[in-house]
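The structure under discussion appears below in the form of structure tokens.
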Amino acid sequence: MSEGTTTTRGSFASNFGFMMAAVGSAVGLGNIWKFPYITGEYGGGAFVLVYLVCITMVGLPLMYAELIIGRRGGSDILGALRKLTQSKGALGTAFSYLTGLMAVLSAFLMLAFYSVVAGWAVYFFLLSVGLIPAVEFGNATVFDELAANARTSAICHTVFMLMTIGVVTLGVHRGIEFLCKTLMPLLFVILTAMLGYVAYTGGLDQSLSFLFRPDFSKLTSSAVLEALGHAFFTLSLGMGAMVTYGSYLKEEGRVIRDSVAIAALDTIVALLAGTVIFAVVFQGDLEPSAGPGLLFQTLPELFVNMPGGRFVACVFFGLVVFAAWSSAISLLEVVVAYFVDEWKWPRFVAAGGIGAGIWALGLACAMGVMMTQDTTLQDGLDDIVSRYMLPIGGLLIAIAAGWLVLPEDGLSGFRHMVKGGAVFGGIWQFLIRFVTPIMVTIVLLWQMGLFDAWLKGETPAPPAEKGELAAPKEPAG
Ligand code: PFF
């Protein structure tokens, strides 16, 4: 029946495959080293509550908006928006180009620095498996040496980019869907097994109380803004990843359910990862930290002293690589879909050519090229993309979905609801037209430092002063 919808651009064969790809995009380094830390730092259970509100009020409406724009537009982010905003004439076209090209550029830039960090995870995986015999696993200096060693960082980044390009070249069904359908369930199994492991070896109680005991005194305005900002990054919103995946969906009947499930699974993985990681940290009597220091310094040091620690380390770093890989694939796919759909490039040319461009930029990051006198290209790109381009992209997509796309397209997912479609559709429209843009604008102004004077004196300070993947100013432990 659906054969007729099959085009050369490819599609997901099953809804499960689509779900795993979308969850794979959302679950990434952000879940593993950012969310658990900000949760513990900003009041545990109290922060989780605020975060859930942010996900519901801003994340979910945008997730649905991106998916439905992709599904109805049936094309890359620029093409999909152009098609759906046709009724607005030149304004719609100009808006589509602005939003689409910015999203494509964001994905390009982000993959360059994301891949360098993911390359480090590949290195630690190989190290824990014993494939780098010259280096001692668990030695605290390994990470500093790696980050300072341009050649090794560059090799690892190259390996990771090849893995990403390879999957995207294979296409939506044979590459992305197949891989994510295998990796994501495995990731859940690994996380659950690790939870069982820490329940047995200790540290679980402290971890759970660090993560979940509500402390409303820590719930500052910065905490709320941090939660909002992180909601974008973790759900892969604002750069067209979900628009692109939505465009490969054959049916739209489940878009609403899928949006909720993607956000829920992403949050569950973040909480599970946090519980496991901090149990290990507390077992070693250390202070929780975030960023590369937590993953690549604190944890390896602790793993070596745990029962069966070397094996646990392999499994854990395997999980980090999986999570980063499926996120990186979605970033490359945003750019590849643009060149395939807009410029009619064959997929393998787009994946190889664009992949090579991203690789070259990532190489400059891995080699420690400086962007300004005191900011590396790596940190600078992270800063620009995570703090500015993602929220601006989210704002533009919300405006497009709320004001420029015809309601019959925007609301089409709600028509499939058995009950309450009109009511929920009305709520979505209100959120995407007013609430999301206002909240995103507030985050943006905060990111630009406009509230600094007002927030002064608040404790604790935002943990990641730079981008999403940067270490906090003073990593403890
Ligand atoms: N959601 C990913 C993470 O939490 O690490 C990062 C990400 C992937 C953001 C893909 C945006 C994107 F398009």
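The values are calculated or read from the model by the stated rules, or taken from the named source; none is laboratory data. On a predicted model such as this, the values are computed, not experimentally measured, just so you know. Ideal geometry is used to build each Cβ from the backbone, glycine not excepted, and the neighbour counts take in all protein chains shown. Ligands, DNA and RNA are stripped out before the accessible areas are found, and what is left, the full protein with its side chains, is counted by its heavy atoms. Shrake-Rupley method; radii C 1.70, N 1.55, O 1.52, S 1.80 Å.
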Add -39500 (n - 2.57) for each DSSP H run of 4 or more in the chain, then divide by its residues: what number comes out at 222 nm, to the nearest 500 deg cm²/dmol?
-21000 deg cm²/dmol
Computed log₁₀ I(q)/I(0) - Debye formula, equal Cα scatterers, no solvent, segment 145-251, q 0.15, 0.18, 0.19, 0.23 Å⁻¹:
-1.16, -1.17, -1.15, -1.15
For E468, which sequence-distant residues (separation of 5 or more, or a different chain) have an amide H within less than 5 Å of its own amide H, given hydrogens modelled in the peptide plane?
S386
What shape does segment 331-399 take by its C-alpha gyration tensor, where a ≥ b ≥ c are the square roots of the eigenvalues and a/c under 1.5 counts as rounded, a/b above b/c as prolate, and the rest as oblate?
oblate
Mean projected area, convex hull of alpha-carbon positions in segment 43-130, reported to one decimal in nm², is 9.1
log10 I(q)/I(0), Debye, Cα-only segment 250-335, no solvent, q = 0.13, 0.16, 0.19, 0.22 Å⁻¹?
-0.57, -0.77, -0.95, -1.14
Run the accessible area of segment 12-97 with a 1.4 Å probe and give the carbon-and-sulfur part as a rounded percent.
66
How much net charge surrounds P300 when only other residues with a Cβ under 11 Å from its Cβ are counted (Lys, Arg +1; Asp, Glu -1)?
-1
Diffing segment 331-337: the Karplus 3J(HN,Hα) column from phi (6.51, -1.76, 1.60, θ = phi - 60°), in whole Hz with x for Gly and Pro, holds 5, 5, 5, 4, 6, 4, 4
Cross-chain or 8 or more residues apart, Cα under 29 Å: how many lysine pairs in the chain fit that? Count them up, please.
18
Roughly how many percent of the accessible protein surface of segment 211-331 is carbon and sulfur, given a 1.4 Å probe and a whole-percent answer?
60
What is the Å³ per residue value for the convex hull set by the Cα atoms of the chain?
142
How big, in percent, is the set of alpha carbon pairs in segment 65-179 lying more than 25 Å apart?
46
Residue-ordered couplings for segment 61-69, obtained by feeding phi - 60° into the Karplus form 6.51 cos²θ - 1.76 cosθ + 1.60 and rounding to whole Hz (Gly and Pro as x), are x, 6, 4, 4, 4, 5, 5, 6, 4
Hey, can you grab everything whose amide H is under 5 Å from the amide H of M370? Only 5+ residues off in sequence or another chain; H modelled, so Pro and N-termini drop out.
L377
Only Cα pairs under 8 Å and at least 6 apart count here; give the relative contact order of the chain as a rounded whole percent.
33
Can you tell me the accessible area per residue over the chain, all protein chains present, probe 1.4 angstrom, in square angstrom?
38
Can you tell me the length gained on complete extension of the stretch F348 to T375, counting 0.36 nm per residue apart and subtracting the Cα distance?
6.2 nm
Once you charge only the Cβ atoms, +1 for Lys and Arg and -1 for Asp and Glu, what is the size of the charge dipole of the chain about its Cα centre, to the nearest 20 debye?
1360
Which ³J(HN,Hα) values in Hz, rounded to whole numbers, follow from the phi angles of segment 41-56 under the Karplus curve 6.51 cos²θ - 1.76 cosθ + 1.60, where θ = phi - 60° and Gly and Pro get x?
6, 9, x, x, x, 5, 5, 4, 4, 4, 4, 5, 5, 4, 4, 6
